[in-house]
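The values are calculated or read from the model by the stated rules, or taken from the named source; none is laboratory data. Please read these numbers as outputs of a predicted model, since none were measured by experiment. We place every Cβ from the backbone using ideal geometry, glycine too, and count neighbours over all the protein chains shown. For accessibility, only protein heavy atoms count, side chains too; no ligands or nucleic acids. Shrake-Rupley method; radii C 1.70, N 1.55, O 1.52, S 1.80 Å.
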Amino acid sequence: MSATDHSRAAGVLLLCRAEPGRVRPSAQLLNEPLLLVPAGEGWSALIPGEDSWRTEGTGLATATAGWAHALAVAEPWPVVGLWWDGSGAGFVVAAGFRRTAGYAWLADGTPLGEEPAMTALRARTGLDPVLDGDALDALTRPDPDADAAARVRGLIAVLSRTGLHLPPGLAPGVPADGLRASAGALPAAEAVYWPGWREAVRAGFDAADSSRLGAWTRGRRARALGAGEMVAGAALVMWGRRSGRRGAVTAGAVVLADGALTLAYDWWRGRA
């Protein structure tokens, strides 16, 4: 299969274990063309455009890992990124500052990953360690009747036990333009874009006030957290630029921005 055929078959789904209203502020910070849709009870899906990973200049799995890490690094909820192209498919799972783990299958379904990735997926998404663990372990064993798309469908079926329900048309094997067309036809779909700092701050404040957990805390702990995030984010951005890792730069920018918004929120609520 040619590189062009691989591109046409390629798609990415970023599954966030949070409602769209909580996902939106972090998704905006990625500054990528994304569509956001509800994906079941307590889940949301983000669909990037095909040009997004082309501009990354990296492989599809690497780009997916970078987005998932950037979305999850400053949030309490995990992100599962699914990807596929003509050569295979796989997933990544990100949660906070923990290392992003991933697993892949060749196009014919041959497993390429390592067991710790399945363990990380199970722990970070709250799956049952025994019943769901057995179902995940089955995806790591040889199966001549299961190609890469079938492996990812099996993974989605396991995640559905936590409330995930993908809308029609969002399925492994569907190319990026097909995913976006299906997502865009949903009544609850919304385009996510970078609105500028003023609107980003306002959206973050609204998210914090509308959630019992809140996007940010207040008081001495908030100020310490915000300052720490800004230092860590700046360091990650500088390291990413030196090493040429765009995903690290994006993740660092998200952490830096979240730290700034945490401090701004504490100051704003203190004046209220």
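For the set S87, S26, solvent exposure ranked by accessible area (probe 1.4 Å, protein chains only) runs largest to smallest as S87, S26.
So what's the net charge close to P111: Lys and Arg +1, Asp and Glu -1, counting the other residues with Cβ under 13 Å from its Cβ?
Numbers: positive: R141, R151; negative: D108, E114, E115, D137, D143, D147.
Within the 13 Å Cβ shell, the charges total -4.
In this simple spin-label approximation, A123 and A181 carry label points 7 Å from Cα along the Cα→Cβ vector, and these lie 4.2 nm apart. A Förster distance of 35 Å, applied to the separation of the beta-carbon atoms of F97 and D145, puts the FRET efficiency at 0.35.
With every protein chain left in place, what is the accessible area per residue of the stretch 102-175 in square angstrom, probe 1.4 Å? Present the calculation step by step, with values, prior to reporting the outcome.
On the way: 3480 Å² over 74 residues.
Computed with neighbouring chains in place, this is 47 Å² per residue.
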